[in-house]
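Heads up: the structure comes next, in structure tokens.
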Amino acid sequence: MTMNDKTKSAPSAAVSPMEATEHEKIDQYLKQLHADYDAVYNMLLNYECAVMEVETKFNILNNRLSIQGEHNPIETIKSRVKSIDSIIRKMEKRNLPIELESVENNLKDVAGVRVVCSFIDDIYRIEKCFLEQEDVTLFERKDYIQNPKPNGYRSLHLIVKTPIYTENGKKDMFVEVQMRTIAMDFWASLEHKLRYKKNLNPQTAQELAEELTACAEESARLDEKMLRIRERIARD
Ligand code: 0O2
């Protein structure tokens with residue numbers, strides 16, 4: 001179930017089997033969450049607004065910093081609101097009560113913004129400017145660039161709280177921000193494919209995982225080298 005499902009009306013006799021299945025799925029999610037459609041829709045809409053607010057902050061920072069410097073520090077910004085089925089799967093995995101209130105209290109990554117930069121130093125520069133903003137409160141910070149995961153995963157993760165302004169007033173929302181270089185992003189998307197690949201022979205999976213860890217090291221060295229080259233270009 002995504003926000004676009006709102007446009008679908010109740011299943012009618014003329015509905016195709018595909019659409020009927022989709023509606024059954026949505027009904028199932030609503031039952032699991034003990035919630036009605038409007039409540040779930042409203043929750044997803046709030047997260048959508050939070051993502052938009054945070055995205056705008058990064059777009060503004062990118063514009064301002066690129067005017068001052070010689071390049072756009074941000075290459076791309078990708079955002080998503082977790083789908084209702086992955087929200088429920090995550091709650092089940094964590095043995096959390098499957099209720100709307102519990103989603104808001106326990107899941108801090110329903111709204112996600114990924115900021116991809118060309119160079120490592122841009123990540124920390126943008127992080128600083130972002131966290132200095134009055135309406136951004138840092139809740140959690142994990143620096144997997146300084147402390148990569150054993151598999152080689154690198155990124156800077158921030159969980160922040162930021163307000164949205166609705167027709168019913170102000171509401172503070174959690175947003176997960178992942179900041180990484182283009183190289184880190186390239187690596188993470190390939191590793192993600194391996195992680196979710198089903199029916200892979202265990203030995204092949206092990207070999208590929210080891211190769212990916214080696215790639216992460218090489219890629220990190222490349223990020224460092226590119227940064228040094230850019231610094232020399234700026235200096236000379
Ligand atoms: P998705 O589908 O990307 O949202 P959490 O489960 O988030 O509460 P954790 O493990 O403490 O708990 O969070 P962490 O380490 O901050 O990682 C959260 C997200 O970072 C993941 O979300 C991934 O998006 C990304 N990530 C973390 N480790 C890896 C990794 O080794 N490889 C890749 N490709 N991505 C990683 P989700 O919910 O797992 O998935």
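A few notes on this one:
- Segment GLU231-ASN151, length gained on full extension (0.36 nm per residue, minus Cα span): 25.9 nm
- Taking packing as the residue-averaged number of other Cβ atoms within 10 angstrom, the listed peptides 95-106, 199-210, 149-160 run from highest to lowest as 149-160, 95-106, 199-210.
- By average C-beta atoms within 10 angstrom, highest first, the peptides 168-176, 182-190: 182-190, 168-176
- Extreme residue, positive dipole direction of the chain, given options ILE60, GLN178, ILE88 (C-beta unit charges): GLN178
- Mean projected area in nm² (Cα convex hull; one quarter of hull surface) for the chain: 16.4
- The angle separating the long axis of helix 17-33 from the principal Cα axis of greatest extent in the chain is about 80 degrees.
- Projected label points at SER189 and ARG80, each 7 Å from Cα along the beta carbon direction, are separated by 1.2 nanometres.
- Cα centre as origin, Lys/Arg/Asp/Glu Cβ charges: the chain dipole, Debye: 440
- Helix 120-131 axis versus longest C-alpha principal axis of the chain: approximately 50°, rounded to the nearest ten.
- Taken over the range 32-128, the alpha-carbon convex hull comes to 104 cubic angstrom per residue.
- Relative to the Cα centre, the charge distribution of the range 126-174, modelled as +1 at Lys and Arg Cβ and -1 at Asp and Glu Cβ, gives a dipole magnitude of about 280 debye.
- Folded to 0 to 90 degrees: helix 182-195 orientation relative to the chain principal axis, Cα: 50
Computed from the coordinates by the stated procedures, all read-outs in this text should not be read as laboratory data. Since the structure is predicted, the reported quantities are computational estimates derived from the model, not experimental observations. We place every Cβ from the backbone using ideal geometry, glycine too, and count neighbours over all the protein chains shown.
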